[in-house]
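Everything below concerns the one structure shown next.
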Amino acid sequence: DGGGGEVPAWLSACCDFFVLGAPVKKVFARQAEDAAQVNALVQAFNANQVPPLDRSKPHTVAQAMLKYYATRNPPLVSPDVTKHFLALAGKDAKGSELPNVLHKLVYDVNEPARVELKHIMNFLSTIAGDHEATRMEALDLATVWGMKLFQCNSNITTATQVMIEHYDFIFAPKSSNRT
């Protein structure tokens, strides 16, 4: 990626929290959580601090991650670029065209945001890849995460799903010989 962006330490800690052992099953599904704890985590994320993460409360950590991106100002991906992702709504998520289109689009995202988006999509791809254990497939994760990451409507689900399913291809280094 050229070194122009770093993944926030809190994001790495949260992703590791789930990948390395917190219960993940349907963790991003809507669950009752302690609003005060969620808000405290979001405040820490906004300050780019790594807060203590309670392994007994994975839903609280998940909801804090989602709330952070839903309320991030400015959004992770600018509205000018998001509109191109939204234009993919209704396209065949299983078709061969979208991964190529998305590979090009992710390089329209500014580098620090692209590095962060890449990290999140890698995390979501890992969770979806273990869908038998997590009970969360790419479409489930895209439905929840897409609107939060891009701060837009559900039309972003198709693009998000394809980024999760084709993570390795879409986030591969930019190449002039890709079609």
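The values are calculated or read from the model by the stated rules, or taken from the named source; none is laboratory data. For clarity, every value in this text was computed on a predicted model and none was experimentally measured. Neighbour counts are summed over all protein chains in view; Cβ atoms, including those assigned to glycine, are modelled from backbone coordinates with ideal geometry. The protein model used for the area step is the full one, side chains on, heavy atoms only, and it has no ligands, DNA or RNA in it. Shrake-Rupley method; radii C 1.70, N 1.55, O 1.52, S 1.80 Å.
Suppose the filter is aliphatic (A, V, I, L, M), in contact (Cβ under 8 Å) with a residue 40 or more places away in the chain and open to solvent by 50 Å² or more (accessible area, probe 1.4 Å); does residue 121 pass it?
Numbers: aliphatic (A, V, I, L, M): yes; in contact (Cβ under 8 Å) with a residue 40 or more places away in the chain: yes; open to solvent by 50 Å² or more (accessible area, probe 1.4 Å): no.
No; evaluated as a whole, the condition is false for this residue.
Would you be able to tell me the number of residues in the stretch 144-166 that are over 11 Å from the mean Cα position of the chain (by Cα) and modelled with pLDDT of 90 or more?
Kept after step one, since they are over 11 Å from the mean Cα position of the chain (by Cα), are these residues of the stretch 144-166: 151-159, 162, 165-166.
Restricting the remaining residues to those that are modelled with pLDDT of 90 or more gives 151-152, 155-159, 162, 165-166.
Selection size over the stretch 144-166: 10.
Is at least one residue of the stretch 71-94 in contact with a Pro (Cβ under 9 Å, 6 or more places away or on another chain) and part of a helix (DSSP H, G or I)? Can you show your working first?
Kept after step one, since they are in contact with a Pro (Cβ under 9 Å, 6 or more places away or on another chain), are these residues of the stretch 71-94: 82.
Those left that are additionally part of a helix (DSSP H, G or I): 82.
Looking through the stretch 71-94, at least one residue is in contact with a Pro (Cβ under 9 Å, 6 or more places away or on another chain) and part of a helix (DSSP H, G or I).
How many of the residues in the stretch 1-18 are open to solvent by 60 Å² or more (accessible area, probe 1.4 Å), in contact with a helix residue (DSSP H, G or I) (Cβ under 8 Å, 6 or more places away or on another chain) and at pLDDT below 75? Give the steps one after another, and end with the answer.
Taking the stretch 1-18 as the starting set, the residues that turn out to be open to solvent by 60 Å² or more (accessible area, probe 1.4 Å) are 1-3, 6, 16.
This time we only want the ones that are in contact with a helix residue (DSSP H, G or I) (Cβ under 8 Å, 6 or more places away or on another chain), so: 1-2, 6.
With at pLDDT below 75 added as a condition, the list becomes 1-2.
Final tally of qualifying residues: 2.
Please enumerate the residues belonging to the stretch 66-117 that are aromatic (Phe, Trp, Tyr) and surrounded by fewer than 18 Cβ atoms within 10 Å (Cβ to Cβ). Even if it seems obvious, please write down each step before you answer.
Of the residues in the stretch 66-117, the ones aromatic (Phe, Trp, Tyr) are 68-69, 85, 107.
107 - this is the single residue of the stretch 66-117 that is aromatic (Phe, Trp, Tyr) and surrounded by fewer than 18 Cβ atoms within 10 Å (Cβ to Cβ).
Would you say residue 109 is in a loop (DSSP other than H, G, I, E, B), closer than 23 Å to residue 5 by Cα and in contact (Cβ under 8 Å) with a residue 40 or more places away in the chain?
Working: in a loop (DSSP other than H, G, I, E, B): yes; closer than 23 Å to residue 5 by Cα: yes; in contact (Cβ under 8 Å) with a residue 40 or more places away in the chain: no.
Judged against the criteria, residue 109 is not a match.
Name the residue that is most open to solvent (accessible area, probe 1.4 Å), counting only residues in the stretch 133-155 that are of a type in the set (Gly, Ala, Ser) and free of Cβ contacts under 8 Å to residues at least 60 places away in the same chain.
The residue in question is 154.
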